[in-house]
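Below is one structure; the comments refer to it alone.
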Amino acid sequence: METNRPELKVSDLKQYYYCPRVVYYQYVMPVDKAVTYKMEKGKAAQEDLELLERRRKLRVYGLAEGTRRFNWWVHSASLGLSGKLDMAIETDEAVYPVDFKFTRGRPHKNHLYQLGGYALILEDQLGRPVEKGFIYLIPQKDAVVFDLSEEVKVECLNTLSRIREMIVNERFPQAASSRAKCTDCEYQNYCRDVW
Ligand code: SF4
């Protein structure tokens, strides 16, 4: 890991928007995290989904045709960013990152910026614009499309800078904005100040 520009993962963007401390614990003060029921259930459901997804039509994504690629490790040396895409759909015109989520609610802002991070890497890796992506909601069997605009990508780049600044300076961040997030958090044993 470089001192002044740590390599980051796309999932760091999602985690940072969920709660900056999660990213802090992972990089600055690695601690054992508890595996929550939600995480285990999500992983099992995701494995089942991949089998189903291979047989599913692309209609749920509003696409007539395309080639699916699963569990794709993507990396950009210039961004210092990498990640594992659950799935990408490639057509003649475009490439779409897809993330599978085991959640009953609608996708949140952190999911949008996770897709934004994948878009930045794919654009760098493939040399083609990535303007839309999907969150596939496993319980609802539904896909939500997101516009991956320039504003989203700039915000992702700015957030990556903020994360690096936090890591390099070992700056302990504020707790999550909502205490409801702490209930499902694998780091709750380390955030005594929020309880
Ligand atoms: S317990 Fe709450 S404040 Fe602490 S890392 Fe988890 S979400 Fe953030």
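Here, each number is a calculation from the coordinates, and none is a lab measurement. This one's a predicted model, so the numbers in the text were calculated from it and none came from an experiment. Here Cβ is always computed from backbone atoms with ideal geometry, including for glycine, and neighbour counts include all displayed protein chains.
Run down the aspartates and glutamates and flag those whose C-alpha is under 16 Å from the C-alpha of residue 109, throwing out any fewer than 8 positions away in its chain.
Within the straight-line limit of under 16 Å, residue 109 reaches these aspartates and glutamates: 12, 99, 147, 150, 151, 155.
Which of 103, 183 comes first, and how do the rest follow, when ranked by fewest Cβ neighbours within 10 Å?
Arranged by neighbour count, lowest to highest, 103, 183 become 183, 103.
Taking the Cα centre of the chain as the origin and placing charges on Cβ (Lys, Arg +1; Asp, Glu -1), which of 166, 190, 81 is farthest toward the positive end of the dipole?
Going by the charge dipole, the pick is 190.
By count of other Cβ within 10 Å, fewest leading, how are 168, 31, 23 ordered?
Lowest count first: 31, 168, 23.
If we count other beta carbons within 10 Å of each Cβ, what is the order of 178, 76, fewest first?
The fewest-first ordering by Cβ neighbours comes to 178, 76.
Taking the Cα centre of the chain as the origin, how large is its charge dipole in debye, to the nearest 20, when only Lys and Arg (+1) and Asp and Glu (-1) carry charge on their Cβ atoms?
680 debye
In this model, which of 33/141; 33/132; 14/101; 57/181 are farther than 23 Å apart at the alpha-carbon?
Values: 33/141 30 Å; 33/132 33 Å; 14/101 12 Å; 57/181 35 Å.
Violating the 23 Å Cα-Cα cut-off are 33/141; 33/132; 57/181.
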